[in-house]
C-alpha cells in the first residue's frame, strides 16, 4: 500500500473540506439537537462527512469508513483499510465560537494506525503523522516530547470530571488539579490531543470518547512519543466508546497510578 | 480630550508591540520565576511594558500608568488620565503554547473607562471599544449580547475553583458546572473576557484578578451589555486585586445569587 499517495489524497481532501466549512459560515447554520443540549450537530457536520465518504469511495471503494455522523456503512471490525473520521470535533465551539473545532481523521490497516490528521479549520493548521516517518505541524517536524515533572505539567481536563461523577473518583482528580501547574479546557478532544503532541499541553484526560475523536491523534502521538491509552492503561477500544488519556511519556503512568481510580 | 486621537495612538502602539513580540519568538526566551511556578514572566513581558511606558510618556507625560510588571511609577489613585496595561496576559500560554496570550490595555479618566483593548498577539485579532461609541472585533461591530438561559450557557472557569479553596464554597461551583451546557478554560483572563464580550462564552469567573487583567475588558463589556463586577456584585476595585465575574446580562445576577458563596 502506497502510504505517501494516500497521505497526499487525505491532505487534499481535508484542505478542501476545510475550505467548504469556512465558506459555509457565510450562510445561516441550521442546528439540531442530536442527544441533549451538550451534543449539537449541524448540517455542515453531516455534509462534510458525506463529502469525505464520497471522496474515499472514489479513491478506493474497498476502504471502510467509521464516521461520527454515521452517514456511511456499519463497520464491525478493523480488518483491512479503515478510515476513522470526525468531520467536526468540537461542534459546540463550531456553533458558538466559530473557532476551536477540528477535522480529525485516522487511516488504519488491520487495526494499526498508519496516517493521522488533526486540522484546525479556521486557523488552517494541520497536525499530521505517517507511521514510522514522523509527525509534522504544517511544514515543521514535531519533536519528541521532552520529560518533565508532574508539578510542571499543564493538563487538559474538563471541570465536570472534577465534580462527583459515575466514572472516576473525583477526589483524586482534585489532587491532580492541585498538583499540576495549570489546567485548560478547550471543548474539542482533537484540539487537546493536538496540543499534547506538540507540547502545548502535557496530558489530556476524558472519561468518554469515541474512536473518531482520537483515531487520527493516536497516530500522531506514537510519532512524538506521547502515550495514548484508556484509563486502565490498555489500548483504547476503537469499536466503541472508552475512557482516554494521552500524556507526555514521563507522566502517563504516574497519572494513572496516583490520580485515576475508576469507579 | 480627543478620544479618537488617543484611540488611534493606542492601536498603533498595540500593533507595534504585537509585531515585536511575534518577532521575538525567533530568539530564545529567558524565563524567570516571579512568585512560584504558576507565575512565569519573561524578559519580553518586561520589555513590552517598558515600550508602552515610553510611548505613552512621549504621547503625554501627564498620563499615569499602572502596569503588571511594575516598570512604571507607583499609582495610588485613578484621578486624571490613567493607562492600565498588561503587556502579556497568559504568560504560561506565551511560554508553553506560543499562542493564547493577549495584550490588554484600558484607558481611564477619573476612574471611568474610556478606551479598552484586548489584542490576541498571534492571531492579530483586536477586540476594542470606545465608551459610548460601541465595540469592535477588528473591522466588525460587536453586537449587544442576546439573552439566554443558564442551561444554554458556556462559561469560562478554571478547574481549581471547582476544588475546595479558601475563596468560595466550591460545592456551589460544582452545581454551576453541572447546570451549564459547558465549561472552558484558556489560561488568559483577557482571552476569556474577549470571548464573553463577543458571545463565544457567556460568563467568566475568577477568584483573584488584578486591575491590568480586566481594565481594557471592562470598557468593551459596557458597550456590548456584558456585566462586569466583583463576586459581591460591586464595582471591581481597580487599585488592588479582587474577585471577578463578567457575564451575559441575563445570567450575571442569577450566577451571583445561586452559585457564588464567598467564604
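Quick note: the coordinates plus some simple rules give every number you see, no bench work behind them. Quantities reported herein were computed from a predicted structural model and do not represent experimental measurements. Using ideal geometry, Cβ is built from the backbone for each residue, glycine included, and neighbour counts are taken over all protein chains shown.
Do you know the relative contact order of chain A, to the nearest whole percent, from alpha carbon pairs under 8 angstrom that are 6+ apart?
Worked out over chain A, it gives 17 percent.
Most fluctuating residue of B:191, B:13, B:92 in a GNM of chain B with Cα springs under 10 Å: which is it?
B:13
Using only Cα atoms, tell me the angle between helix B:211-224 and the longest principal axis of chain B; keep it within 0 to 90° and round to the nearest 10.
70 degrees
Report relative contact order for the stretch B:78-177 in percent, whole number only (criteria: Cα-Cα under 8 Å, sequence separation at least 6).
Computed over the stretch B:78-177, the figure is 15 percent.
Using Cα springs under 10 Å in a Gaussian network model of chain B, which residue among B:206, B:140, B:250 shows the largest mean-square fluctuation?
B:140
When you have a sec, figure out the Kirkwood radius of the stretch A:170-247 from all distinct Cα pair distances and drop it here in Å to one decimal?
12.7 Å
As I understand it, the value is the acute angle between the Cα axis of helix B:43-59 and the longest principal axis of the Cα atoms of chain B; what does it come to in degrees, rounded to 10?
Rounded to the nearest ten degrees, it is 60.
Going by how many other Cβ atoms sit within 10 Å of their own, how do A:175, B:120, B:213 line up, fewest first?
A:175, B:120, B:213
Can you list the distances in nanometres, one decimal and ascending, from the residue B:143 label point to the identical position in each other copy, with the point 7 Å along Cα to Cβ?
4.5
Over the protein assembly as shown, one equal point on each Cα, no solvent: what is log10 I(q)/I(0) by the Debye formula at q = 0.06, 0.09, 0.13 Å⁻¹?
Taking Cα atoms of the protein assembly as shown as identical point scatterers yields -0.29, -0.65, -1.32.
Please work out whether the stretch A:103-149 counts as rounded, prolate or oblate from its C-alpha gyration tensor, where a ≥ b ≥ c are the square roots of the eigenvalues and a/c under 1.5 means rounded, while otherwise a/b larger than b/c means prolate and anything else oblate?
oblate
If I build a Gaussian network model for chain A, linking alpha-carbon pairs within less than 10 angstrom, which residue out of A:169, A:93, A:178 has the largest mean-square fluctuation?
Among A:169, A:93, A:178, the largest mean-square fluctuation in the Gaussian network model of chain A belongs to A:178.
If you average the C-alpha positions of the stretch B:220-258 and of the stretch B:181-217 separately, how far apart do those two centres end up, in angstrom?
So the separation of the two Cα centres works out to 11 Å.
Find the Cα radius of gyration of chain B, compare it with 2.2 N^0.38 Å by division, and give the number to two decimals.
Normalised Cα radius of gyration, chain B: 0.96.
How would the stretch A:64-171 be classified by its alpha-carbon gyration tensor: rounded, prolate or oblate, with rounded meaning a/c under 1.5 and the a/b versus b/c comparison settling the rest?
rounded
Compute the long axis of helix B:170-179 from its Cα atoms, compare it with the longest principal axis of the Cα atoms of chain B, and write down the angle in degrees, 0 to 90, nearest 10.
So the helix axis and the longest Cα principal axis differ by about 80 degrees.
Defining a contact as two alpha carbons under 8 Å apart and six or more residues distant in sequence, what relative contact order in percent does the stretch A:3-141 show?
Averaging sequence separation for qualifying contacts and normalising by length gives 17 percent for the stretch A:3-141.
Once you sort the root eigenvalues of the Cα gyration tensor of the stretch A:3-141 as a ≥ b ≥ c, which label holds: rounded (a/c under 1.5), prolate (a/b larger than b/c) or oblate (the other case)?
Verdict is oblate for the stretch A:3-141.
Hey, with R₀ at 51 Å, roughly what FRET efficiency would residue B:144 and residue A:2 work out to, going by the Cβ-Cβ distance, to 0.05?
Calculated value: 0.40.
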